[in-house]
Amino acid sequence: METMTETRTAVSFRCDKDTLADGLSTAFRASPLKATSAALSGVLLEADASGVVRLSATDGELTIRTSVPAEVERSGEAVLHRLFGEIVRSLGAGAVDLSVDETGVADISAGRSHFSLRTYPRGDFPTLPESGGKPVRVPASMLPAAIDQVVTAASTDRGRPKLTGVLVEPTDSGLRLVATDSYRLAVREVPIPGLLEAGEKALVPARALVELSRLATATGGDEDVEIGFGDRLATFHAGRTSITTTLIEEEFPGYQQLLPERYPNTLEFDKGELLDALRRVSLLAKDTTPVRLTLGGDVVRLRAIDPELGGEADEEIDATYSGEPMTIAFNAGYLRDAVDSCGTEAVQMETIEPLKPAMLTEPGSRTYLHLLMPVRV
Amino acid sequence: MSRPGPAYRVADLGAPTGGETILHVDMDAFYAAVEVRRRPELRGRPVVVGGTGTRGVVAAASYEARRFGIHSAMPASRARRLCPDAVFLAPDFAAYISESAAVRAVMESYTPLVEPLSLDEAFLDVSGARRLFGDAMEIAHSIRERIRAERRLPVSVGVAANKFLAKLASREAKPTGAGAASGVFCIPCDAAIRYLHPLPVAALWGVGDATVERLDRIGVRTVADLAAVAPESLVRVVGPAAAEHLSALCAGRDESPVVAGRDAKSIGHEETFETDISDPDAITAELRSLAERVALRLRRAGVSARTLTLKCRLPTFRTFTRSRTLREPTDAGPEIYGVACELYDRLQLDGHAVRLLGVSASGLVSGAPARQLAFDSAPQWSPLMSAADAVRERFGDRAIEPARLLSRTPPKGRQP
């Protein structure tokens, strides 16, 4: 290790504790939980004489870079262990001093607390990607609700990479976001024009969009987020933070043919009432015993049976229904996600028959569609 | 659950001789009866259980519904056409399972030798119970009365000298049979042949459509015809093992014991081979056949299984069992077959000869397994199975089999 010391630059800066802790927790959101070496899951600090410290972390797919204002005494860079974030967060309010000596040991001091932590060679940390694409300014307020609606439908199964992404494609008047894990499909129209040319599309990891939603929320109401789509990368930038993600280079499944042309049966109910009833009934809805909805008349009946337990739960809520009486069953968690994702007080559910997908929408609007496959019982 | 009986007249068979010690207790339209019991307003109306939901097959039909030609495993759409006024109810397997246990408890208060065949039927050996409870006929009437009084469910009881005859007798005891008046019917030992001879050969255990056809080609249609065939000719037509089996049944003989204590919470099949098998293709074909049969019985009992067990016996009688518990219960043959193969591979017997193979399903839960449907659903076995089950129900268990089983010669019985 001694032979490496001359390749390192000693660093020294002072920063507000809360500011540094926030910056680190933002950056660490991109850091892999499981990595083959501690450096890969660490954070790169770059102290600049202009008075900022840049913080970067990456898992190779998602990269988050942010910066915090600091009094930089000696500019330079260092790679620190994940634990650095926890150390800073645990310190008392006030200033934090960090310095890395010539042997690569970092000293972290605040008030009467002192930590020393060895750093890692810069070469052990990945090269960070360039930014993707020409940035387009988008009002931050338009993003979180739309993103949050679709990402729940994306798969978390890494064995099916294309389903872990959200398809972003242009429409006549803006963008469409689409996600599916093959059991449910969420489609959301967003009136943001100019982000993609006709014919272009991008498959963005749902994880990265969750970060974009978080970034847009943190940015606040009337500010903009810059979004740039490149061939293989996308970058989202707002304030001091930029998120870069690789795009999934797979073909998203053709979802249009999944959307049935017409639904003969329409149910409308109060979102809160249904979620409350569902929460109670779900106590008896295990993996193999879904929640059955009986549609017909002025109520919708929710029912779950657990034969092993010898238990049954049954609840009715008011609803309006037009169509054939029928019973259709859903996985309780998927149904909750679907209902919860609708942004209105009333939720509309359209059905065809018990083994065909049901479609949940916000009444009177086709801006958001949530298609849910039932459970065969 | 039973197929409609053939049209024939039952002559007066005379009084029991005292040698009739086996009972076949068969609930009448069990699922429908349980439903009618809790909804008395349905009494006297055609009631169909199943066919409301998505599987679209009748699970049980009340006798009122059967009069319209509705029977179990019939597609619901057909049942609705036959009787548009029938009341269609979703099956409540939890209720049937617990009711079945209550009924079994009644039977077990007479003898521990109770062998359940499914939720709604069981064999009893009452030879040891006669001293306490009177002769078999008295026990039969007593059990029937108690189930009617305590469980408020109708039941028919067949009494005979063995399981084969007792099962035929219970059919006569049904509301549609010759012994309907009392709900108990006895085939006395000395009348067995007289009773059997007019029956079509299909009434014999183990005679499926293939055998019926083969026998038909040599002019054999009734049991009497079969009894008249020279033994050598019969061997030529159906093979030695089946010939022996058929000859015994023609004579009203069946030695198979009532096996009590069989864990009613599992459903299984095993096969002892006439000659040990070692060919991997033959072994996988056997596993597939066993898996399909277990799956069919699961579906008929209206349950799915969480745990699958493979049993394998070598010619040395060394016996292995291996089990696997599934994430979600199944009643599908292909799935059971897949697990059976996996368990077999785990034994690493490569090339070793096998004397016996068995597949059993336990951890039973009521109802068909719920399955989350997907947009890109892999083949959904369920509709296929329902259709195949309906065919089996009409034409016999061997009427539809996976293609791989077609080349396989039926295994011959040999005691394990």
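Residue pairs whose Cβ atoms lie under 6 Å apart, sitting 6 or more positions apart in sequence or on different chains, and linking a residue in segment B:326-344 that is within 15 Å of B:G268 (Cα to Cα) to a partner that is among the β-branched types (V, I, T) and assigned to a helix (DSSP H, G or I), are B:I336/B:V294. Residues that are surrounded by fewer than 14 Cβ atoms within 10 Å (Cβ to Cβ) and more than 27 Å from the chain's Cα centre (by Cα) within segment B:320-351 comprise B:R327, B:E342, B:D345, B:R346, B:Q348, B:D350, B:G351, listed in sequence order.
Of B:D331, B:D345, all but one fail to be at pLDDT 80 or above and within 14 Å of another protein chain (Cβ to nearest Cβ); the exception is B:D331. Residues in segment A:177-204 that are closer than 30 Å to A:L355 by Cα and part of a strand (DSSP E or B): 11 in all.
Scanning segment B:221-233 for residues that are farther than 21 Å from B:L165 by Cα and among the β-branched types (V, I, T) gives a single hit, B:V229. Any residue in segment A:175-198 that is closer than 13 Å to A:I227 by Cβ and of a type outside the set (A, V, I, L, M, F, W, C)? Yes; the residues of segment A:175-198 include at least one that is closer than 13 Å to A:I227 by Cβ and of a type outside the set (A, V, I, L, M, F, W, C). Residues of segment B:141-156 include none that is within 14 Å of another protein chain (Cβ to nearest Cβ), within 28 Å of B:L42 (Cα to Cα) and in contact with a helix residue (DSSP H, G or I) (Cβ under 8 Å, 6 or more places away or on another chain). For segment A:131-162, residues that are under 14 Å from the mean Cα position of the chain (by Cα) and part of a helix (DSSP H, G or I) total 9. Being more than 27 Å from the chain's Cα centre (by Cα) and assigned to a strand (DSSP E or B) is a property that holds for A:A304. Restricting to segment A:297-320, name every residue that is over 13 Å from A:V281 (Cβ atoms) and either modelled with pLDDT of 90 or more or surrounded by fewer than 18 Cβ atoms within 10 Å (Cβ to Cβ) (or both). Matches in segment A:297-320: A:G297, A:D298, A:V299, A:E308, A:L309, A:G310, A:D318, A:A319, A:T320. Of the residues making up segment B:281-304, not a single one is in a loop (DSSP other than H, G, I, E, B), in contact (Cβ under 8 Å) with a residue 40 or more places away in the chain, polar (S, T, N, Q) and under 24 Å from B:V212 (Cα atoms). Only one of the listed residues (A:A346, A:A338, A:A358) is farther than 20 Å from A:V178 by Cβ and in the same structural domain as A:I305 (by TED's automatic domain parsing). That residue is A:A346.
Show me the helices (runs of 4 or more DSSP H) entirely contained within segment B:81-181 in which 3 or more residues are in contact with a Ser or Thr (Cβ under 6 Å, 6 or more places away or on another chain) and either closer than 30 Å to B:V294 by Cα or assigned by TED's automatic domain parsing to the domain that holds B:G50 (or both).
On the way: elements: B:93-108, B:130-133, B:136-150, B:163-173.
Fully inside segment B:81-181 and qualifying: B:93-108, B:163-173.
Candidates B:F375, B:F395: the one that is modelled with pLDDT under 85 and within 14 Å of another protein chain (Cβ to nearest Cβ) is B:F375.
I'm trying to understand the selection: among the residues of segment A:177-191, which are crowded, with 20+ Cβ neighbours inside 10 Å and either away from chain B (no Cβ under 14 Å) or aromatic (F, W, Y) (or both)? The answer is A:L177, A:Y183, A:R188, A:V190. Considering only residues in segment B:11-54 that are within 14 Å of chain A (Cβ to nearest Cβ) and part of a loop (DSSP other than H, G, I, E, B), the one that is surrounded by the most Cβ atoms within 10 Å (Cβ to Cβ) turns out to be B:G51.
When we screen A:R262, A:R280 for residues that are loosely packed, with under 15 Cβ neighbours inside 10 Å, more than 14 Å from chain B (Cβ to nearest Cβ), more than 31 Å from the chain's Cα centre (by Cα) and among the basic types (K, R), the only hit is A:R262. Checking segment A:270-292 against the condition returns no match, with no residue being more than 22 Å from A:Y368 (Cβ to Cβ), out of contact with any Ser or Thr (no Cβ under 7 Å at 6 or more places or on another chain) and not assigned by TED's automatic domain parsing to the domain that holds A:I317.
Every residue, every condition in (1) within 13 Å of A:P264 (Cα to Cα); (2) in contact with a Lys or Arg (Cβ under 6 Å, 6 or more places away or on another chain); (3) surrounded by fewer than 19 Cβ atoms within 10 Å (Cβ to Cβ); (4) within 11 Å of another protein chain (Cβ to nearest Cβ), yes or no:
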| residue | (1), (2), (3), (4) |
| --- | --- |
| A:S322 | yes, no, yes, no |
| A:T327 | no, yes, yes, yes |
| A:D337 | no, no, yes, no |
| A:T344 | no, no, yes, no |
| A:M349 | yes, no, no, no |
| A:E353 | yes, no, yes, yes |
| A:T361 | no, no, no, no |
| A:Y368 | no, yes, no, no |
| A:M373 | no, no, no, yes |
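A:Q348 falls short on exactly one of the conditions (1) closer than 23 Å to B:S98 by Cβ; (2) in contact with a strand residue (DSSP E or B) (Cβ under 6 Å, 6 or more places away or on another chain), and that condition is (1).
How many residues are acidic (D, E) and either part of a strand (DSSP E or B) or over 19 Å from the mean Cα position of the chain (by Cα) (or both) when one looks only at segment A:12-45? Of the residues in segment A:12-45, 2 are acidic (D, E) and either part of a strand (DSSP E or B) or over 19 Å from the mean Cα position of the chain (by Cα) (or both).
The values are calculated or read from the model by the stated rules, or taken from the named source; none is laboratory data. This one's a predicted model, so the numbers in the text were calculated from it and none came from an experiment. Virtual Cβ from ideal backbone geometry, glycine too; neighbours counted across all protein chains shown.
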